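Working notes, beginning with the structure itself.
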Protein chains: 2
Amino acid sequence: MTYCVGLMLNEGMVMLSDTRTNAGLDNISTYRKMFTFEEPGERVIVIMTAGSLSVTQTTIAQLREAIEDPEATPDTSIMLAPTLLKVAEIVGNQLASVRAEIDHKLSAAQGASASMIVAGQRKGGTMRMFLIYPEGNFIEATEDAPFLQIGEHKYGKPILDRVVKPTTSLSDAQKAVLLSMDSTLRSNLSVGMPLDLAVIERDTLRVTLRRRIEAGDPQFRAMSDAWSTALREGFAKITI
Amino acid sequence: MTYCVGLMLNEGMVMLSDTRTNAGLDNISTYRKMFTFEEPGERVIVIMTAGSLSVTQTTIAQLREAIEDPEATPDTSIMLAPTLLKVAEIVGNQLASVRAEIDHKLSAAQGASASMIVAGQRKGGTMRMFLIYPEGNFIEATEDAPFLQIGEHKYGKPILDRVVKPTTSLSDAQKAVLLSMDSTLRSNLSVGMPLDLAVIERDTLRVTLRRRIEAGDPQFRAMSDAWSTALREGFAKITI
């Protein structure tokens, strides 16, 4: 399982992913699920992945190959695509075709699936964030729905529903995604540390902040403990 | 969808269920999902249900018929069964057989399913709480796992994980299940008011408190608002 979340706010975009991959409970590994594509000052794209590792790794590898191909065109390379919408289309098509190919090798019963969050901005364009479904179609984050989640999304949604608005500051946004992840880590063993955090400030056209948070990170631990205390104190104060 | 939760604590048991039933988003009804069977001073049983209404209604109706049957035996009536374990077995068998019968009428693709929480105490016995699976097998709440949930359980689990222990008071327990329900109501449209709350104090052998909480209940609304405020204030205080 996986938990990835992306916020699209007035000040910028904040992305957080876990790294746990498992093929059964007795076969657990750490794999990066956040990938950045950057030409500072021109274009920045962050992709987060959830689902079958064979599908997501192959899709990302093919996206990279297409970028590096000397004959890359705006129709094949996400770094040349004229708009972020076109980027989402390229990623969606690639994901759907890899998935179809792998599905074909597997029996129908154990079909492989995957979904992705694609966030970015190109010079002259606005920030955009998309959730790409396994079939390649996608939806976009909006003012009314300023966050997108993939993977094990339910445990961490209540906190986002309550605190995230387009006007949320980037610092509060980092707190919100980390607490959302914290709730998920506590409730689902198949989501695990370390975490990858990335922030793209509006119009900087680069990844402004990139941080890997290891298991036992004292700052994350302190925040998690403080949140537990705040919840318990808040709970104690409420009367019914 | 449905959300039902039961806590088994040193002081007693607390049960909460919603009442929303839907066959598609355009066909929503209110049905009670909490059923009490009581012979005060002798035996008290509360059953909560989730899943296909045709399965749960039929199962409950058949359990009632078996109780009222003049030839009821300890093998067929949950009010005569010698132990709560036997009660769980009777409910499990009934549920599995109703489900199999209805499954047989439907195509395999749209098979009906349901699960239940059975909580109770008989004179001379201890309090026990079981989660009955669609196949009729069951698990029991323990000191280490003092709560059971059926239906849409993920949104409301983080708060329970954090505050519920066997030593939690019945008043705090009511607060915990109501806040757990509040998070679920906010995140899933197919879980809805009114709510049914029941408390069984240890060794009283009756339902000590029974309360229906209607939509717009001022007390529930105040608690929900206070919790939102507490979360936001707690969030604001945390530094990263």
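The values are calculated or read from the model by the stated rules, or taken from the named source; none is laboratory data. This one's a predicted model, so the numbers in the text were calculated from it and none came from an experiment. Cβ: placed from backbone, ideal geometry, glycine included. Neighbour counts: every protein chain shown.
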Across region A:158-171, the tally of residues that are out of contact with any Leu (no Cβ under 9 Å at 6 or more places or on another chain) and more than 15 Å from residue A:141 (Cβ to Cβ) stands at 1
Return the pair list, or none, for Cβ contacts closer than 9 Å from residues in region B:180-197 that are without any contact (Cβ under 8 Å) to a residue 40 or more places away in the chain to residues that are small (Gly, Ala, Ser), at least 6 apart or on different chains. B:183/B:156; B:186/B:224; B:187/B:156
If you check every pair at least six apart or on different chains, which have Cβ atoms under 8 Å apart with a residue in region A:211-240 that is within 7 Å of chain B (Cβ to nearest Cβ) first and a residue that is acidic (Asp, Glu) second? A:223/A:182; A:227/A:182; A:230/B:233; A:234/B:233; A:235/B:172
So, residue A:177, is that one surrounded by 23 or more Cβ atoms within 10 Å (Cβ to Cβ) and farther than 21 Å from residue B:186 by Cα or not? no
Out of B:36, B:58, I need the residue that is farther than 24 Å from residue B:105 by Cβ, surrounded by fewer than 24 Cβ atoms within 10 Å (Cβ to Cβ) and of a type outside the set (Lys, Arg). Which one? B:36
Residue ID - nearest to the chain's Cα centre (by Cα), chosen from residues in region A:21-35 that are closer than 17 Å to residue A:150 by Cβ and of a type outside the set (A, V, I, L, M, F, W, C): A:33
For region B:50-74, give me each residue that is farther than 12 Å from residue B:94 by Cβ and either over 17 Å from the mean Cα position of the chain (by Cα) or of a type in the set (Val, Ile, Thr) (or both). B:54, B:68, B:69, B:70, B:71, B:72, B:73, B:74
Just to verify a result, which residue in region B:164-184, among those that are small (Gly, Ala, Ser) and within 21 Å of residue B:194 (Cα to Cα), is nearest to the other protein chains (Cβ to nearest Cβ)? B:183
Whichever residue in region A:191-219 is under 22 Å from residue B:154 (Cβ atoms) and buried (at least 18 other Cβ atoms within 10 Å of the Cβ) and, among such residues, is modelled with the highest pLDDT: A:195
Say we look at region B:185-208 and pick out the residues that are among the polar types (S, T, N, Q) and within 14 Å of chain A (Cβ to nearest Cβ); which of these is nearest to residue B:49 (Cα to Cα)? B:190
Could you check how many residues of region A:203-240 are of a type in the set (D, E, K, R), farther than 30 Å from residue A:124 by Cβ and not in a loop (DSSP other than H, G, I, E, B)? 6
Give region A:127-170 a look and list any residue that's assigned to a loop (DSSP other than H, G, I, E, B) and closer than 17 Å to residue A:202 by Cβ, or say none. A:127, A:141, A:142, A:143, A:146, A:164, A:165, A:166, A:167, A:168, A:169
For region A:171-202, the count of residues that are outside any loop (DSSP other than H, G, I, E, B) and within 26 Å of residue B:162 (Cβ to Cβ) equals 20
Given (1) within 26 Å of residue A:208 (Cα to Cα); (2) touching a strand residue (DSSP E or B) at 6+ places or on another chain (Cβ under 9 Å); (3) of a type in the set (Lys, Arg), number of the condition residue A:99 does not satisfy: (1)
Restricting attention to region A:149-171, the residues that are charged (D, E, K, R), surrounded by fewer than 21 Cβ atoms within 10 Å (Cβ to Cβ) and over 19 Å from residue A:28 (Cβ atoms) number exactly 3
A careful count of residues in region B:93-127 that are surrounded by fewer than 12 Cβ atoms within 10 Å (Cβ to Cβ) and on the phi < 0 side of the Ramachandran plot gives 8
Residue by residue through region B:220-240, note down the ones that are farther than 30 Å from residue A:171 by Cα and surrounded by 16 or more Cβ atoms within 10 Å (Cβ to Cβ). B:220
